[in-house]
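The values are calculated or read from the model by the stated rules, or taken from the named source; none is laboratory data. In this text the structure is predicted, and so the values were computed from the model without any measurement. Here the Cβ positions follow ideal geometry from the backbone for every residue, glycine too, while neighbour counts run over all protein chains shown.
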Amino acid sequence: MITKEIIEKIEGEASVEFEIKDNLVEFATISFPHFRGIEMILNGKNALDALVITPRVCGICGHAHLMASVRAIEDAYKNAGYEIKNNQKIEKIREFTLIMEIIQNHFKWFYMTLIPELEKLHSTSLVQTPLKGAFAASLAAKAIATFAGQWPHSSYMIPGGITSDPTNIDILQVQTYLQELSLFFENETLGTSLEDFLSFESCKEFRGLNSDFSYIEEKLISLEMHEKGFAYDKFLILGKHSFTSVSKLNKTHAVGIDAKFVNTVEAYSPNQITYAKNAQYKKEYYETGPLSRMMALNFPIIKNMHRRFKDSAYSRVMARIFELAYLLKKASSLATTLTIAESSYNSVVDISKITASGLGVVEAPRGPLLHKIEIEKGIIESYKIITPTQFNIGSSSLKNPTPAQKAMQKLSKEEALFVFRTFDVCSVCTTH
Amino acid sequence: MSTSMKETSFDSLYKAFEERIEQLKKLPKMKEDSSIEQVINDNGFSRREFMIWAGGVTAMLALPSSFTPLMAEAVKVADRLPIIWLHMAECTGCTESLLRSANPSIDSLIFDYISLEYQETLMTAAGWQAEQNLENAMKKYKGRYILMVEGGIPSADTEHYLTIGGHGKTGKASAMEAAEHAAAVFAIGTCSAFGGVQAAAPNPSNAVALSEVTHKTVINVPGCPPSEKNIVGTLLHYLLYGTLPALDVFNRPKWAYRLRIHDLCERRGHFDAGEFVEQFGDAGAKDGYCLYKVGCKGPYTFNNCSKQKFNQGTSWPVQAGFGCIGCSEPDFWDTMGTVNEPIKDRLYNTTFGGLGADATADKIGIGLLTATAVGIAAHAVVSAIKPPKE
Ligand code: SF4
Ligand code: SF4
């Protein structure tokens with residue numbers, strides 16, 4: 001018999017309605033009941049205003065929105081016949097600040113979401129240390145602010161470059177923040193060095209560590225999360241960056257793709273209001289985010305983990321922490337190879353000369369973020385935003401569930417809610 | 001408070017603060033077994049560092065340095081004031097600003113220590129339990145709690161664009177109810193203070209400011225996001241005074257919002273010398289010239305960013321060469337025009353109908369003695385803006 005369960009509120013901004021059969025989740029629908037209408041607000045404004053408006057979609061990944069906006073506008077310049085070629089310095093600094101935003105997100109998720117949620121599920125009490133998350137995230141934010149002026153809601157990227165002109169002292173400062181952050185991660189989170197961690201070949205090696213990370217890993221295994229929470233085992237990476245490769249993967253098989261084939265469909269949520277649409281690639285659902293990005297790279301440990309545990313909740317969590325290590329290393333190498341000799345900005349024609357459409361795609365902490373802009377003489381004619389959570393946590397029907405809906409099936413309600421959170425829910429982005 | 005103020009009035013203020021602290025001490029602690037000294041100590045701060053921090057906050061609130069020990073005392077009893085923090089339609093950026101406040105800085109420790117009875121982002125409870133927590137906190141601390149609200153509030157026929165909790169209560173209803181029994185009400189961030197980004201034209205959700213849905217006095221702490229310093233400072237100010245701070249026309253505390261960004265801006269010398277960045281990336285940009293011509297709204301914006309900066313003093317938008325966007329002013333999204341262009345038709349002296357945000361009902365005028373427009377070619381325009389007399 002199917003009984004409707006109460007709606008479980010997630011951070012007050014998303015809710016899940018369960019159909020329970022024999023104490024297991026038969027199916028779940030998800031709704032995002034908040035709506036602000038940011039796309040409508042963008043219409044009719046100067047295209048450059050998108051650079052300050054879209055970061056306000058989200059206080060956690062505003063930088064990704066900024067970069068998607070600037071890429072969309074630069075793409076429009078190109079389509080209008082004024083291609084913008086950014087030099088190494090501009091690309092590196094933009095990439096650096098974007099990476100740091102992902103890093104702060106993952107730290108915060110680890111200490112402020114994962115640990116408390118595991119505690120609820122495991123019913124033994126874990127040591128809750130939200131301040132550790134705040135500490136690490138604030139260091140990452142300072143590194144961003146050094147180039148971008150502030151975080152959250154920095155607006156230092158503009159078509160043709162960046163507005164700041166960092167000095168060597170700034171760069172040294174950023175390197176110091178990074179060293180401090182890496183040390184913290186090694187000592188407090190991992191219990192081993194970044195190098196060692198990144199060269200692990202099997203999940204069994206996690207067992208030798210004695211740290212926040214190994215503790216979490218053990219708990220996940222004891223909760224059998226390596227056998228639960230499977231989605232489609234299909235992954236999607238759309239943003240072009242130095243730290244991943246644009247592709248879609250069916251299990252481990254990767255093929256190249258093009259963001260123009262992303263489509264959205266109406267959500268299915270019969271009993272609750274929702275303002276979110278589901279995002280697909282060529283009408284199919286894919287998982288996005290850290291696990292996808294890590295699957296696209298050749299780390300032995302990720303291969304090993306996937307071979308044994310597929311796209312389980314365990315793999316999803318581990319990939320996020322592994323990405324944290326990988327990106328910290330990446331950020332350090334960006335910061336140490338940065339030279340300031342090149343110009344921060346190359347002048348571009350006035351935006352009022354631009355009548356064209358543009359597409360900007362980046363990898364945000366949770367996966368691909370797409371901004372589509374149509375500009376008429378510098379003014380926004382239309383603006384469309386598609387966020388990672390729309391790929392992962394859409395709400396569809398039983399016949400064709402979204403990754404999160406699929407991952408929650410056949411679990412107890414408590415387990416399902418935990419699995420839901422392994423996707424790192426961000427509801428403010430989703431409805432925008 | 002200017003230096004001209006007589007010592008005697010500081011003396012009586014000092015006494016008043018002492019009495020206030022004594023009173024607070026009598027109230028029950030939120031957490032029996034902890035003390036702020038312990039928390040600060042446990043997190044690796046020395047007493048000296050704590051005192052330096054207390055000195056900084058004292059100065060920020062425009063109090064003489066002799067008040068520093070009192071500030072330290074006040075922080076110790078901060079856990080007597082329960083805080084309820086509500087999220088409305090927003091991006092959570094204000095909370096993020098606070099969370100990132102430090103290393104963890106003393107600011108964030110204090111916020112953690114004083115009881116945040118209900119803060120959805122920080123709280124581990126979710127769902128029905130969270131709703132229950134809110135109701136319990138409101139009942140238990142009725143008339144005593146401080147309400148801090150983040151986010152704009154959808155209203156009219158789009159009120160349901162924001163529903164909260166398992167019962168599907170609208171954000172507006174929750175905010176009204178929580179404000180009703182609060183000892184003090186603070187709107188944290190531009191969304192809650194003035195409607196914010198979602199209230200920009202055409203305002204699809206009919207988002208309004210917190211002050212529009214309650215008859216209680218709302219202290220506005222705008223900024224998108226406001227700095228951690230202004231959030232924590234607001235709280236400590238209330239803790240010490242026990243009354244609402246002196247406010248400007250937009251109900252912003254004067255200690256933080258009395259001066260324009262422009263007044264203390266590090267690029268101000270270049271403005272006065274007529275040295276402007278003409279275009280991003282030009283020679284002037286490399287030399288740190290004034291950003292007015294590439295759209296800086298610092299001359300129209302009241303806030304202390306140029307002094308307090310962001311991310312624990314790391315930097316701020318003007319330092320990064322982008323200029324101020326005016327984010328702590330009402331309706332700046334619609335009235336301050338295109339972000340990278342100067343406001344062509346607005347004169348400096350006409351900011352807010354010629355009154356300026358310093359203009360309060362009691363004192364109007366001396367904040368704006370200088371009536372010269374910010375002509376783009378103008379040199380040495382508007383030198384000192386004197387703070388209005390209290
Ligand atoms: S004021 Fe700005 S930072 Fe705060 S919630 Fe609103 S949009 Fe976000
Ligand atoms: S216009 Fe802006 S950059 Fe120039 S001095 Fe004023 S606040 Fe500073």
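Counting residues that are at pLDDT 85 or above, which helices (runs of 4 or more DSSP H) fully inside segment B:1-95 reach at least 3?
B:7-26, B:47-60, B:68-76
It is to be established whether one or more residues within segment B:322-329 are within 13 Å of chain A (Cβ to nearest Cβ), of a type in the set (A, V, I, L, M, F, W, C), surrounded by fewer than 22 Cβ atoms within 10 Å (Cβ to Cβ) and away from ligand 2 (no atom under 12 Å from the Cβ).
Looking through segment B:322-329, none of the residues is within 13 Å of chain A (Cβ to nearest Cβ), of a type in the set (A, V, I, L, M, F, W, C), surrounded by fewer than 22 Cβ atoms within 10 Å (Cβ to Cβ) and away from ligand 2 (no atom under 12 Å from the Cβ).
Across segment B:276-302, which residue is farthest from ligand 2 (Cβ to nearest atom) among those that are basic (Lys, Arg) and without any contact (Cβ under 8 Å) to a residue 60 or more places away in the chain?
It comes out as B:Lys286.
How about segment A:288-321: which of its residues are touching a Leu at 6+ places or on another chain (Cβ under 6 Å) and in a loop (DSSP other than H, G, I, E, B)?
Scanning segment A:288-321 gives a single hit, A:Thr288.
Among residues belonging to segment A:291-343 that are surrounded by fewer than 24 Cβ atoms within 10 Å (Cβ to Cβ) and of a type in the set (Ser, Thr, Tyr), point out the one that is nearest to A:Gly160 (Cα to Cα).
So the residue we want is A:Ser343.
What's the number of the condition A:Tyr215 fails, among (1) closer than 19 Å to A:Tyr111 by Cα; (2) in contact with a Lys or Arg (Cβ under 6 Å, 6 or more places away or on another chain)?
For A:Tyr215, the exception is condition (2).
Counting residues that are within 11 Å of another protein chain (Cβ to nearest Cβ) and more than 21 Å from A:His241 (Cα to Cα), which helices (runs of 4 or more DSSP H) fully inside segment A:71-151 reach at least 3?
Output list reads A:115-122, A:130-148.
What's the number of the condition B:Arg260 fails, among (1) closer than 20 Å to B:Pro222 by Cβ; (2) at pLDDT 95 or above; (3) more than 16 Å from ligand 1 (Cβ to nearest atom)?
Status for B:Arg260: all satisfied but (2).
Which number in (1) away from chain A (no Cβ under 14 Å); (2) within 16 Å of ligand 2 (Cβ to nearest atom) marks the one condition that B:Gly223 misses?
Failing condition for B:Gly223: (1).
For segment B:283-302, which residues satisfy the criterion of being over 20 Å from the mean Cα position of the chain (by Cα) and not in a loop (DSSP other than H, G, I, E, B)?
B:Ala283, B:Gly284, B:Ala285, B:Lys286, B:Cys290, B:Tyr292, B:Lys293, B:Val294
If you scan segment A:402-418, which residues turn out to be of a type outside the set (Ser, Thr, Tyr) and surrounded by 24 or more Cβ atoms within 10 Å (Cβ to Cβ)?
Within segment A:402-418, A:Pro403, A:Ala404, A:Gln405, A:Ala407, A:Met408, A:Ala416, A:Phe418 meet the criteria.
Counting just the residues of segment A:46-68 that are touching a strand residue (DSSP E or B) at 6+ places or on another chain (Cβ under 8 Å) and facing chain B (nearest Cβ under 8 Å), which one comes out surrounded by the most Cβ atoms within 10 Å (Cβ to Cβ)?
Among residues in segment A:46-68 that are touching a strand residue (DSSP E or B) at 6+ places or on another chain (Cβ under 8 Å) and facing chain B (nearest Cβ under 8 Å), the one surrounded by the most Cβ atoms within 10 Å (Cβ to Cβ) is A:Val57.
Rundown of residues vs (1) buried (at least 21 other Cβ atoms within 10 Å of the Cβ); (2) of a type in the set (Gly, Ala, Ser); (3) touching a Pro at 6+ places or on another chain (Cβ under 8 Å), yes/no style:
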{"position": "A:Gly191", "(1), (2), (3)": "no, yes, no"}
{"position": "A:Lys228", "(1), (2), (3)": "yes, no, no"}
{"position": "A:Asp233", "(1), (2), (3)": "no, no, no"}
{"position": "A:Gly239", "(1), (2), (3)": "yes, yes, yes"}
{"position": "A:Gln272", "(1), (2), (3)": "no, no, yes"}
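Looking only at segment B:303-320, count how many residues are more than 7 Å from chain A (Cβ to nearest Cβ) and either outside any loop (DSSP other than H, G, I, E, B) or in contact (Cβ under 8 Å) with a residue 12 or more places away in the chain (or both).
Within segment B:303-320, residues that are more than 7 Å from chain A (Cβ to nearest Cβ) and either outside any loop (DSSP other than H, G, I, E, B) or in contact (Cβ under 8 Å) with a residue 12 or more places away in the chain (or both) number 8.
Might you let me know whether segment A:160-167 holds any residue that is within 24 Å of A:Ile216 (Cα to Cα) and either more than 16 Å from ligand 2 (Cβ to nearest atom) or crowded, with 21+ Cβ neighbours inside 10 Å (or both)?
Checking segment A:160-167: not a single residue is within 24 Å of A:Ile216 (Cα to Cα) and either more than 16 Å from ligand 2 (Cβ to nearest atom) or crowded, with 21+ Cβ neighbours inside 10 Å (or both).
Which ranges mark the strands (runs of 3 or more DSSP E) fully within segment A:322-390 that have 2 or more residues being closer than 30 Å to A:Ser182 by Cα?
The strands (runs of 3 or more DSSP E) meeting that bar are A:356-364, A:367-376.
Does B:Arg267 satisfy being charged (D, E, K, R), more than 9 Å from chain A (Cβ to nearest Cβ) and free of Cβ contacts under 8 Å to residues at least 60 places away in the same chain?
Yes; evaluated as a whole, the condition is true for this residue.
I need the full set of residues from segment B:330-346 which are part of a loop (DSSP other than H, G, I, E, B), in contact with a helix residue (DSSP H, G or I) (Cβ under 7 Å, 6 or more places away or on another chain) and away from ligand 2 (no atom under 15 Å from the Cβ), in order please.
Correct list: B:Pro330, B:Asp331, B:Thr338.
Could you please let me know if A:Ile221 is touching a residue at least 24 places away in the same chain (Cβ under 8 Å), among the hydrophobic types (A, V, I, L, M, F, W, C) and surrounded by fewer than 17 Cβ atoms within 10 Å (Cβ to Cβ)?
So A:Ile221 fits the description; yes.
Would you tally the residues in segment B:263-303 being within 16 Å of ligand 1 (Cβ to nearest atom) and β-branched (Val, Ile, Thr)?
Adding up the residues that qualify gives 1.
Pick from A:Ile379, A:Ile393, A:Ile386: which is of a type in the set (Val, Ile, Thr) and closer than 29 Å to A:Leu223 by Cα?
A:Ile393
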